[in-house]
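Structure first, commentary second.
The values are calculated or read from the model by the stated rules, or taken from the named source; none is laboratory data. Small disclaimer: the values here were computed from a predicted structure and weren't measured. We place every Cβ from the backbone using ideal geometry, glycine too, and count neighbours over all the protein chains shown. Ligands, DNA and RNA are stripped out before the accessible areas are found, and what is left, the full protein with its side chains, is counted by its heavy atoms. Shrake-Rupley method; radii C 1.70, N 1.55, O 1.52, S 1.80 Å.
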Amino acid sequence: MRTRLAVLLLALWPAACSRAEAECREVSFEGMTFTVCEAVAGADVRIFLNDADGQPFGSFDRVNRALAAEGAELAFAMNAGMYHADRRPVGLMIESGTELAPIVTAAGPGNFGLLPNGVFCVGDRFRVIESRAFAADRPDCRHASQSGPMLVIDGELHPRFLVDSDSRHVRNGVGVSADGSRAVFAISNRPVTFHEFGRFYRDALGLPDALYFDGSISRLYDAGAGRSDWGTPMGPIVGLVVPKR
């Protein structure tokens, strides 16, 4: 009896671990609150742009409908970088090993061009890498998305962030642990400045590198909490894929 029970528990262990890793939580910092979702290296984290017909997914629901065909679903997801009006990514985009858009290393207008910007890379481990460093020594990424600005670079805030900035938006991004074993996705629960968001990643989460995905259009899907933020169609979407319940 004990042997059969042990076998059953071992069989259920991977799914149980995936569920536990998928949990999102609320974290408070300096009077602000953020929703944080984590994934560990080896988990099925993907970046989605186009469906099988080459059309942008644009929504969490459409990604889930596509995943259902393989018996899977999103545990959590969020928008994963800036995009043009037709939802093409502004910078580098790699989906399932295929490069859909090239890296951009030049300075430019808007938040994306506020150098240093960076790339979130999903390989054997997670990385957030400054864009020019990525271009100079390109790692192997199954999925990748470029955005900007960097929030934290080697433990330091982006040099252009202002403590007294009055530019506040709901913002989202991703940070990674020093060993690349964890990717931490976060969205603010109210408008915050870049400086506040960067400090949250550095001081509250203790992560040495973090990348801004976007602001004002930022939204989150969290299956465990029954949350699916509504908004206009998105470009790149990043999510943790788990077996369908």
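The residue of region 22-35 that is nearest to Asp124 (Cα to Cα), among those that are modelled with pLDDT of 95 or more and of a type in the set (A, V, I, L, M), is Val27.
The residue that is least open to solvent (accessible area, probe 1.4 Å), counting only those in region 98-115 that are farther than 19 Å from Ile217 by Cα and in contact with a strand residue (DSSP E or B) (Cβ under 8 Å, 6 or more places away or on another chain), is Ala101. Within region 88-95, does at least one residue satisfy the condition of being part of a loop (DSSP other than H, G, I, E, B), touching a Ser or Thr at 6+ places or on another chain (Cβ under 9 Å), of a type in the set (Val, Ile, Thr) and at pLDDT 95 or above? Yes, region 88-95 contains at least one residue that is part of a loop (DSSP other than H, G, I, E, B), touching a Ser or Thr at 6+ places or on another chain (Cβ under 9 Å), of a type in the set (Val, Ile, Thr) and at pLDDT 95 or above.
Condition check ((1) of a type outside the set (A, V, I, L, M, F, W, C); (2) modelled with pLDDT under 95; (3) surrounded by 11 or more Cβ atoms within 10 Å (Cβ to Cβ)) across all residues:
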| residue | (1), (2), (3) |
| --- | --- |
| Trp13 | no, yes, no |
| Ala20 | no, yes, no |
| Cys37 | no, no, yes |
| Gly54 | yes, yes, no |
| Asp61 | yes, no, yes |
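Only one of the numbered conditions (1) over 18 Å from Gly31 (Cβ atoms); (2) in contact (Cβ under 8 Å) with a residue 40 or more places away in the chain is violated by Ile187, and that is (1).
Looking across region 132-145, not a single residue is assigned to a strand (DSSP E or B) and open to solvent by 30 Å² or more (accessible area, probe 1.4 Å). Within region 199-209, restricting attention to residues that are of a type in the set (A, V, I, L, M) and either modelled with pLDDT under 95 or under 19 Å from Phe120 (Cβ atoms) (or both), the residue that is surrounded by the fewest Cβ atoms within 10 Å (Cβ to Cβ) is Leu205. Per the conditions (1) at pLDDT below 95; (2) surrounded by 20 or more Cβ atoms within 10 Å (Cβ to Cβ), the sole criterion not satisfied by Ala183 is (1). In the set (1) assigned to a strand (DSSP E or B); (2) among the aliphatic types (A, V, I, L, M); (3) open to solvent by 40 Å² or more (accessible area, probe 1.4 Å), the condition left unmet by Ile129 is number (3). Mind checking whether some residue in region 210-231 is at pLDDT 95 or above, of a type in the set (Ser, Thr, Tyr), out of contact with any Phe, Trp or Tyr (no Cβ under 8 Å at 6 or more places or on another chain) and surrounded by fewer than 24 Cβ atoms within 10 Å (Cβ to Cβ)? Yes, that holds for at least one residue.
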